[in-house]
Each structure stands twice: as C-alpha cells, then as structure tokens.
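Asker: Take a look at the following structure, please.
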Amino acid sequence: MEDLKWIKLLLTVLTTIIIVYVLKELKAIFLPLIFAIFLSFIFAPLNTFLYKHKIPKLLVIILMMVIIFGLFALVWLVIYTAVNSFVIEFPKYQARLINMINEYYAVFQDILLRMEVVFAKIPQWFDRTQILSPGSFSIPRIVTGTAGTFVDFSVRLFLTLIFLAFIVAGANKLEKRLRKVLTDSGNKRTFIVLDNIRQQMKKYFLNKTIISLGTSLTSMFFVLIFKVDFVIMTGLLIFVLNFIPNIGSIVASAFPILICFLQYGFGWRLIGISFFMITTQMTFGNIIEPNFMGDRLNLSPVVVLISLIFWGWVWGAIGMIIAVPLTSAINIILKGLDEQNIISAIISDS
C-alpha cells in the first residue's frame with residue numbers, strides 16, 4: 001500500500017509536468033480556446049434570453065460575432081490612435097531621458113569619488129552610452145515593429161471566434177450527453193460546478209471591466225488636468241494592466257508619472273500627478289473594488305501572486321491577465337470533486 005501511494009504521487013507529478021509542458025508549447029491553441037470559453041460564459045445571459053424568444057441559434061452566433069468584431073474594431077482604432085501619437089512624440093522624451101540619466105550618473109560617480117568608496121569604479125562595467133544611444137534603444141522602433149504581433153493577435157482572434165461558435169452551437173448537445181452518462185448525483189455536482197464557474201467568470205470580468213474603466217477614466221482626467229502628454233495611452237495602459245492584480249496598477253501608474261517628470265522635471269506637477277495617480281489606484285483597488293467584487297474569487301493573496309508568476313511563465317502577459325479567473329476555476333473544480341481536498345484548502349482565502 002505504501003508503494004502504491006508513492007507511485008500514485010509520482011504519476012501525479014509527472015502528469016502535471018506533462019500538462020504544463022503541453023499548455024506552454026501549444027499556447028497558440030489553448031489561449032484562444034480559454035478565451036472562447038470565457039466569452040461563452042459572458043454571453044450566456046444574452047444567449048439564454050435570445051433562445052427564450054425563439055431566435056435561431058445561427059442568428060445568435062452571428063450576433064455574437066458582430067458584437068465582438070465591433071468591440072475589437074473600436075478598441076483597435078483607439079489603440080492605433082494612441083500608439084501613433086506615442087511613436088511620433090516619444091523621441092524627444094527619449095533624448096531627455098538619456099540626458100537625465102547621464103547627469104545623474106555623473107553626480108552619482110562624483111559622490112562615490114568624494115566619499116572614497118572602494119567600489120566606486122564598479123559602475124564602469126555598465127556601458128550606458130551604448131545601451132541608451134538612440135541607435136540601439138528606440139521605443140518608436142520597438143512599437144512600430146509589432147506588426148507581427150498584430151498579425152498573431154488577428155489569427156488568435158479568428159481561432160477564438162471559431163471555438164466560440166462551436167462551443168455555443170454544441171452547448172445544449174453536450175449538456176444532454178453529460179446527463180445521459182452521469183448518475184443523478186454526478187449530474188447535480190457537475191452542473192453545480194459548471195454553473196459556479198460560469199457565475200464567477202461572468203462576475204469577475206464584468207466587475208473588473210467596470211472597475212478598470214473607472215480607474216482609467218479618472219486617471220485620464222487628472223493627466224489632462226495637469227497637462228501631461230499621452231492621455232489616451234495612459235488610459236489604455238491603466239485599463240489593460242489593471243486586469244493584472246497588484247503588479248499591473250503599479251506599472252500603469254508609473255507611466256504618466258515618468259512622462260510628467262520628463263516633460264516638466266521635478267516640481268508641483270510631478271507631486272500632484274503622483275499623488276492623484278496613487279490615490280486613484282488605492283481608492284478603486286482597495287475601497288471600491290472589494291465592495292464591488294464582494295468575496296472576489298476566494299483566493300489567498302499568496303496564491304494570486306504565485307498564479308501570476310506561473311501563468312505568466314506559461315502564457316506570457318495574456319496568462320497574467322487570465323491567471324486569477326483561471327486559478328479560481330481550477331479551485332471550483334477541485335471543490336466540486338472533493339470538498340475536503342488539501343489543494344483547495346491551501347489556495348482558498350477562507
């Protein structure tokens with residue numbers, strides 16, 4: 001019995017490693033599938049409403065495609081406008097950034113020499129002139145070189161829509177097949193789990209979108225008031241990065257503060273924009289969002305951080321965005337299989 005226990009544990013570890021490897025290597029397939037499943041949860045109430053009014057399934061699918069294409073076209077237009085402005089205007093800020101770094105570097109070296117620090121020459125290994133030169137470090141060139149990324153995104157969007165169409169078309173048939181093969185208790189447990197996942201995902205993405213939009217618009221207002229450049233770019237970054245818990249809001253808030261520093265230097269504008277950016281993030285993140293989201297997704301803070309690192313490693317930035325709802329879905333499935341399982345007890349917040 002003891003040997004069987006260790007064999008079972010070893011097989012579980014090996015299976016987990018294989019699954020993670022497959023998820024990482026085939027992310028071009030799994031990411032569109034995961035997004036299609038999330039979208040099917042989000043559109044479920046609308047689809048149910050349309051089905052009740054005897055709308056054919058084909059028209060329901062077409063309507064979903066039109067809505068998704070319309071939203072993505074609008075988002076693409078806003079992103080294109082913001083990035084185009086960013087590409088045109090950023091070179092002057094790049095030059096200022098290089099000058100500032102050179103000035104502070106010189107001051108830092110002078111301080112070290114005055115203090116006769118033994119390690120004063122250590123920074124010399126770092127060739128800042130080569131790294132910061134416009135020829136080697138050009139953000140506009142990096143941004144304009146993302147055409148391949150856009151093509152990749154278009155392909156993934158196309159795959160997502162195909163998966164979504166098949167998921168919606170086969171949802172009722174899948175439910176009927178599951179009811180045939182499962183026992184009454186298995187049926188009840190399975191559909192409770194699926195319904196819990198659907199409700200959690202719908203609640204998370206809807207509320208998170210509203211919170212992120214509110215944070216973005218408020219931040220854009222203050223950026224506009226303080227006459228800091230790249231208002232739309234700031235709004236886009238804050239909206240998208242707010243979907244990454246803890247880390248995203250810090251990175252997003254740093255962007256307008258850095259631009260303000262490069263634009264006006266150290267002064268009342270920098271203090272003001274820093275104060276309002278931090279206040280906005282704290283207000284929405286620590287006061288409004290907890291009340292809006294309720295108990296959220298019942299994950300401990302440590303597990304949230306680990307899930308961000310893990311899914312970020314597996315699927316990159318997109319993985320970090322969907323890390324929390326995906327981990328929550330896994331937690332719900334584990335609880336559905338066994339209320340007393342150890343893994344669910346570890347990752348849950350209560």
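Asker: Using each residue's phi in the stretch 307-316, evaluate 6.51 cos²θ - 1.76 cosθ + 1.60 at θ = phi - 60° and report the 3J(HN,Hα) Karplus result to the nearest Hz, with x for Gly and Pro.
Answerer: For the stretch 307-316, the Karplus curve yields 5, 4, 5, 5, 5, x, 5, 6, 10, x Hz.
Asker: Quick one: what are the phi-derived ³J(HN,Hα) couplings along the stretch 260-277, Karplus 6.51/-1.76/1.60 with θ = phi - 60°, whole Hz, x for glycine and proline?
Answerer: 4, 5, 5, 7, 10, x, 7, x, 5, 5, 5, 5, x, 5, 5, 4, 6, 5
Asker: Hey, can you rank 190-196, 219-225 by average C-beta count inside 10 Å, highest first?
Answerer: In descending order of packing, they fall as 219-225, 190-196.
Asker: Amide H neighbours of Leu299 under 5 Å, counting only residues 5+ apart in sequence or on other chains, H built in-plane at 1.01 Å?
Answerer: Distant-sequence amide H within range of Leu299: Asp349.
Asker: Ordered by packing density, taken as the mean number of other Cβ atoms within 10 Å over each peptide's residues, highest first, how do 50-56, 204-210 rank?
Answerer: So the peptides 50-56, 204-210, ranked by packing, come out 204-210, 50-56.
Asker: Distance in nm between label sites at Asn84 and Ser274, each 7 Å beyond Cα in the beta-carbon direction?
Answerer: Going by the 7 Å Cα→Cβ label model, 3.5 nm.
Asker: Sticking with this structure for a sec: Considering the alpha-carbon set of the stretch 232-324 alone, what are its Rg and its Dmax in angstrom?
Answerer: 14.9, 43
Asker: If the limit is 23 Å between Cα atoms, which of Lys8/Lys335; Lys27/Lys335; Lys24/Lys335; Lys203/Lys335 go over it?
Answerer: In this structure, Lys27/Lys335; Lys24/Lys335 lie more than 23 Å apart at Cα.
Read-outs: derived from the displayed coordinates by stated rules, not from any lab. Predicted model only: the values in this text are computed from it and were never measured. Here the Cβ is made from the backbone with ideal geometry for all residues, glycine too, and neighbour counts use every protein chain on show.
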